[in-house]
Amino acid sequence: MKIIFEKFSQEHGTAIIDIFNYYVENSYSAYPEKKVPYEYYDKFLEIAKSYPAFAIKSEPEIIGFCFLNAYNPLPSFKESAVITYFIDKNFKGKGVGSMALEKLETEAKQKGIKTILANIASLNEESLAFHVKNGFKECGRFEKIINKNGKQFDVVWMQKMINV
């Protein structure tokens, strides 16, 4: 399977929101309780502005997306970024997430980022295991901070040092 990373553009919006909405409706990995409108893609564009952000394609379709964004907008935090990625349910377990992580790490290093952070629902055991396997360590936990569809759970923060 050939994977292509294309920089975010307006043409990717519909497919990216469809992938995101699958996770909104069927998991705890996306935090909204209800599907988001297609205009929500503009929020992704805004928060990822000035950071690496990609649609992930296996020609001809978009099979996922990934981006970094600021942990904190203050310049003193410029060496850290938060990672986000969602892979189409039909392409999970095929190495696409690992490729996305590798791509974003490479881009982050070029940008001078030294720390990548991930915030993950405590109920998302698959993502927690993926991040541990890929060198992330738990660095914090906000207990019972989120309530989605009547289920309360923690948000786990994980950290990976790069460029060290």
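Values in this text are rule-based calculations from the coordinates and carry no lab data. Worth saying up front: this structure is predicted, and the values here are computed from it rather than measured. Note that each Cβ is placed from the backbone with ideal geometry, even for glycine, and that neighbours are counted across all protein chains shown.
Looking at Gly95 and the list (1) touching a residue at least 12 places away in the same chain (Cβ under 8 Å); (2) more than 14 Å from the chain's Cα centre (by Cα), which single condition is not satisfied?
(1)
Can you give me the ranges of the strands (runs of 3 or more DSSP E) entirely in segment 1-99 with at least 1 residues that are exposed (fewer than 15 other Cβ atoms within 10 Å of the Cβ)?
The strands (runs of 3 or more DSSP E) meeting that bar are 4-7, 61-70.
Of all residues in segment 126-164, count the ones that are closer than 24 Å to Gln110 by Cβ and either assigned to a loop (DSSP other than H, G, I, E, B) or acidic (Asp, Glu) (or both).
Adding up the residues that qualify gives 6.
Could you check segment 120-154 and list, in sequence order, the residues that are under 14 Å from Val82 (Cα atoms) and crowded, with 18+ Cβ neighbours inside 10 Å?
Residues satisfying the conditions are Ile120, His131, Phe136.
Of all residues in segment 105-125 being in a loop (DSSP other than H, G, I, E, B) and not polar (S, T, N, Q), which is nearest to Ser50 (Cα to Cα)?
Ranking the qualifying residues of segment 105-125, first place goes to Lys111.
State all residues of segment 137-162 that are in contact (Cβ under 8 Å) with a residue 60 or more places away in the chain and at positive phi; if no residue qualifies, say none.
Asn149
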